[in-house]
Amino acid sequence: MSYRVTPVGFVRSCFKEKFAIPRQPQLAPAARGVLELVAPFDQPQAIEGLEQVSHVWLLFLFHQALESQPRLKVRPPRLGGNQSVGVFATRSTHRPNGIGQSVVKLEKVEPGRLWLSGIDLLDDCVATAVNQIAATAPALIPVSWCDEALSAAHAHALRLQEPLVALIEQCLAQDPRPAYQQPTPERRYGTRLWDLDVRWHYPQPGQICVLEVQPT
């Protein structure tokens, strides 16, 4: 049996590409976005009472990971990208029907818009849940800044009216690179946050330094 669903809205997120998105919600409280509701759900009646709610569940589509053939096994980055396990034992975006679920904080309610924080749009988190495949959370990595990059980040934070420095530090501290990579200090990594390109490197093992924060 097949069943067709219709979107109730679209999320406008600070994350403009998949790289460096936290692996689950609430790991980066500074990660913010807005759920823009579409008709007829953009009417005030649809969100009446939500001002009393602290968090909301989002069911969403992994629109950049949709595939015509389902995967039965995947290679999770947390396991180094070399160990294959069943898709239902992982947080993989390559899921049947491409549907994900996240619980996020509801910051503000407006007609047609829900303002959110702690977003990831990857998976949900249950405090009592257990997954022994990757049982230990990765240690956070210290994040340092080049002076020019930090100054630029503060300036863009004022322009965007967003906690940009905290967002960058919270995302990079979880070490977004694939676990199997052993980067040299010369290798540069980057991602897009809001309308900015953020570049960093690993000056030493277990350390990250932000090099650039520039408009895209």
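The values are calculated or read from the model by the stated rules, or taken from the named source; none is laboratory data. All values derive from a computational prediction rather than experimental measurement. In this analysis, Cβ positions are derived from the backbone assuming ideal geometry, glycine residues included, and neighbour counts consider all displayed protein chains. Protein only, heavy atoms only, side chains kept; ligands, DNA and RNA dropped before computing areas. Shrake-Rupley method; radii C 1.70, N 1.55, O 1.52, S 1.80 Å.
Just the residues that are in a loop (DSSP other than H, G, I, E, B), under 28 Å from P76 (Cβ atoms) and open to solvent by 40 Å² or more (accessible area, probe 1.4 Å), please, taken from segment 8-51. Reasoning before the result, please.
Kept after step one, since they are in a loop (DSSP other than H, G, I, E, B), are these residues of segment 8-51: 8, 14, 16-31, 38-43, 48-49.
Imposing the further condition that a residue be under 28 Å from P76 (Cβ atoms) reduces the set to 14, 16-31.
K16, E17, K18, F19, I21, R23, Q26, L27, P29, listed by residue number.
Within segment 197-216, can you find the residues that are in a loop (DSSP other than H, G, I, E, B), touching a strand residue (DSSP E or B) at 6+ places or on another chain (Cβ under 9 Å) and of a type outside the set (F, W, Y)? Give the steps one after another, and end with the answer.
Residues of segment 197-216 in a loop (DSSP other than H, G, I, E, B): 202-207, 216.
Those still in the list that are touching a strand residue (DSSP E or B) at 6+ places or on another chain (Cβ under 9 Å) too: 202-203, 207, 216.
Hits for segment 197-216 are P203, Q207, T216.
Considering segment 86-123, and only residues there that are among the polar types (S, T, N, Q) and free of Cβ contacts under 8 Å to residues at least 24 places away in the same chain, the residue that is nearest to L59 (Cα to Cα) turns out to be N97. The set of residues from segment 114-136 being modelled with pLDDT of 80 or more, out of contact with any helix residue (DSSP H, G or I) (no Cβ under 9 Å at 6 or more places or on another chain) and outside any loop (DSSP other than H, G, I, E, B) comprises W115, L116, S117. If you filter segment 162-192 down to residues that are assigned to a strand (DSSP E or B) and in contact with a Lys or Arg (Cβ under 7 Å, 6 or more places away or on another chain), you find that the one that is nearest to G33 (Cα to Cα) is R192.
As for segment 169-190, it holds no residue that is closer than 21 Å to P29 by Cα and β-branched (V, I, T). V5 passes every criterion in (1) at pLDDT below 90; (2) under 30 Å from A179 (Cβ atoms); (3) of a type outside the set (K, R) apart from (2).
For beta carbons closer than 6 Å, sequence separation of 6+ or different chains, a first residue in segment 39-57 that is of a type in the set (D, E, K, R) and a second that is open to solvent by less than 70 Å² (accessible area, probe 1.4 Å), the qualifying pairs are D42/G112; E51/V109.
Here's the yes/no breakdown for (1) assigned to a strand (DSSP E or B); (2) open to solvent by 60 Å² or more (accessible area, probe 1.4 Å):
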site: L58; (1), (2): yes, no
site: A65; (1), (2): no, no
site: S68; (1), (2): no, yes
site: V103; (1), (2): yes, no
site: L106; (1), (2): yes, no
